Amino acid sequence: NLFAWLSQAVHPVPWRQDPTWAFISVVMTNVWLGIPFMMVVILGGLQSISQEYYEAAEIDGASKWQQFRHITLPLLRPVLVPATILGTVWTFNRFEVIFLVTQGGPQEKTDILVSSLYKAIFQFYRYGFSAAFALVIFFILLLWSILYLRITKGLRGVYE
């Protein structure tokens, strides 16, 4: 019987007990929650690219890879840069996933800064520390966003 063999061969996955599997479950949940937003943004960006660019490139003899590299990616940059920043900030602050899936455990291996902040406020009542901690999180995200914009030249079209 195949079902009996599978039930003996396949063991249950310790999603919440093993730190590695708990981390994998949190990452999978975050990816699952982030894909719809990114796909809608990318689809909107792709629909805004005129077919005339591709027709001209095809006439010039550009391959599909060259069309993607020199037409699609540069024209998607104004859409992808802010979407990536938003996605990163939202993932960085995605407290509800940690709280609902693992509560930061096991052994606090899946805690992120905002779940530690939550514990500092509501379990240990450290309000001053938590306010300073929230500012540190804000400045980390601000610094990351500024560096990402500079590296990707995401505002190049705005200033030119």
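Assorted remarks:
- Loop sites in the range 44-112: trypsin sites (Lys or Arg not before Pro), DSSP, at most 15 other Cβ within 10 Å: 109
- Length-normalised contact order for the chain - Cα pairs under 8 Å, 6+ apart - percent: 26
- Packing-based ranking, highest mean first, of 129-140, 114-125 given that Cβ atoms within 10 Å are counted: 114-125, 129-140
- The range 138-145 - phi-based ³J(HN,Hα) in whole Hz, Karplus 6.51/-1.76/1.60, Gly and Pro as x: 4, 5, 4, 5, 5, 4, 4, 4
- Each label was represented as a point 7 Å from its Cα along the Cα-to-Cβ direction; for residue 113 and residue 38 these points are 2.1 nm apart.
- Were the residues from residue 148 through residue 31 laid out at 0.36 nm apart, the gain over their Cα-Cα distance would be 40.1 nm.
- Computed extension gain for residue 141 through residue 126, at 0.36 nm per residue and net of the alpha carbon distance, reaches 3.2 nm.
- Per-residue Karplus couplings for the range 57-63, computed as 6.51 cos²θ - 1.76 cosθ + 1.60 with θ equal to phi - 60°, are listed in order as 5, 5, 5, 6, x, 6, 6 Hz, Gly and Pro entered as x.
- The chain, dipole about Cα centre (Lys/Arg Cβ +1, Asp/Glu Cβ -1), debye to the nearest 20: 460
- Table column - 3J(HN,Hα) (Hz), the range 38-43, Karplus curve with 6.51, -1.76, 1.60, x for Gly and Pro: 5, 5, 5, 5, 5, 4
- Net charge of the neighbourhood of residue 57, taken over other residues with C-beta under 14 Å away and scored Lys/Arg +1, Asp/Glu -1, is -2.
- Set of lysines near residue 64 by C-alpha distance (under 18 Å), chain-local residues within fewer than 8 positions excluded: none
- Oblate is the label for the chain, because the ratio a/c of its alpha-carbon gyration tensor axes (a ≥ b ≥ c) is 1.5 or higher and a/b is not greater than b/c.
- Note: the range 89-160, Cα convex hull, 105 Å³ per residue.
A short reminder: the numbers here are calculations on the coordinates, not readings from a lab. Remember, it's a predicted structure, so these values are computed and weren't measured experimentally. Glycine also receives a Cβ, built like all others from the backbone with ideal geometry; neighbour counts cover every protein chain displayed.
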